[in-house]
Amino acid sequence: MLVLRSGLTRALASRTLAPQVCSPFATGPRQYDGTLYEFRTYYLKPSKMNEFLENFKKNVHLRTAHSELVGYWSAEFGGRMNKVFHIWKYDHFAHRSEVRKALAKDKEWQEKFLIPNLALIDKQESEITYLVPWCKLEKPSKEGVYELATFQMKPGGPALWGDAFKRAVHAHVNLGYTKLVGVFHTEYGALNRVHVLWWNESADSRAAGRHKSHEDPRVVAAVRESVNYLVSQQNMLLIPTSFSPLK
């Protein structure tokens, strides 16, 4: 009996001390930080794009009085047109709830922007994302264009594909083919989805960097590893609006 107990104790001890599987992609600093980013996409009715943006430009101060606007863009290429994309930053979920309640009571915001623009919007989408812990949000030093690359990864989460994805991103950044603004992992929306926001001086400089990276064996090797976990990818070229904090 003593031998059996001793064996059982060693088995339980070894199980307790077994290393825990964790991913640097979505564990650790992200949970302790709590900061979240809401991705909002508005699909506007054809011919109403300029009217919508002019209205927002005049009244943006009413909205940013409640929470921080990270960036605001119009879609130039990629997917459906007549589309605006914007990112809002919140300290935590309770903060976002407080902001939404305050906006519902803000009569000036509703009368000057919300009510006049409702007729211009055809569709809205929202995602809640976290900035991954191995990346901080960067602000380019001068104006340019942005590319939002959205990757739908295989089920299994960052523990499965996080490290390979990180290496693919860093291969582009470390070799200077483009500039990274931020990498975001979706919390609410399609799961196993990652958004990478890039900055380039122009659409032509983006194309030149992309062509060079396709011929670089170091980038090709890193991307090939990540592609094994990829389901689909979509890219949008984004033009910052005049009132966007990120230019």
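Which numbered condition in (1) in contact with a His (Cβ under 8 Å, 6 or more places away or on another chain); (2) in a loop (DSSP other than H, G, I, E, B) is the only one that H66 fails?
(1)
Being within 12 Å of L230 (Cα to Cα) and open to solvent by 50 Å² or more (accessible area, probe 1.4 Å) is the filter here; which residues of region 151-195 pass it?
K154, P155, G156, L160, R193
Got a number for residues in region 98-128 being among the polar types (S, T, N, Q), part of a strand (DSSP E or B) and modelled with pLDDT under 95?
Going through region 98-128 one residue at a time, the tally reaches 1.
Taking L148 as the residue in question, decide whether it is open to solvent by 40 Å² or more (accessible area, probe 1.4 Å) and closer than 18 Å to H195 by Cβ.
Against the criterion (open to solvent by 40 Å² or more (accessible area, probe 1.4 Å) and closer than 18 Å to H195 by Cβ), L148 does not qualify.
Checking the structure you have, find out if any residue of region 52-61 is modelled with pLDDT under 95, assigned to a loop (DSSP other than H, G, I, E, B) and surrounded by 15 or more Cβ atoms within 10 Å (Cβ to Cβ).
no
Return the pair list, or none, for Cβ contacts closer than 6 Å from residues in region 229-247 that are under 18 Å from R193 (Cα atoms) and assigned to a loop (DSSP other than H, G, I, E, B) to residues that are modelled with pLDDT under 95 and not hydroxyl-bearing (S, T, Y), at least 6 apart or on different chains.
If the second residue must be modelled with pLDDT under 95 and not hydroxyl-bearing (S, T, Y), the pairs left are Y229/M153; Y229/K154; Y229/W161.
The values are calculated or read from the model by the stated rules, or taken from the named source; none is laboratory data. Values in this document were obtained by computation on a predicted structure and should not be read as measured data. Positions of Cβ are backbone-derived with ideal geometry, glycine not excepted, and every protein chain shown enters the neighbour counts. Remember, those area values only see protein heavy atoms, side chains included, never the ligands or the DNA or RNA. Shrake-Rupley method; radii C 1.70, N 1.55, O 1.52, S 1.80 Å.
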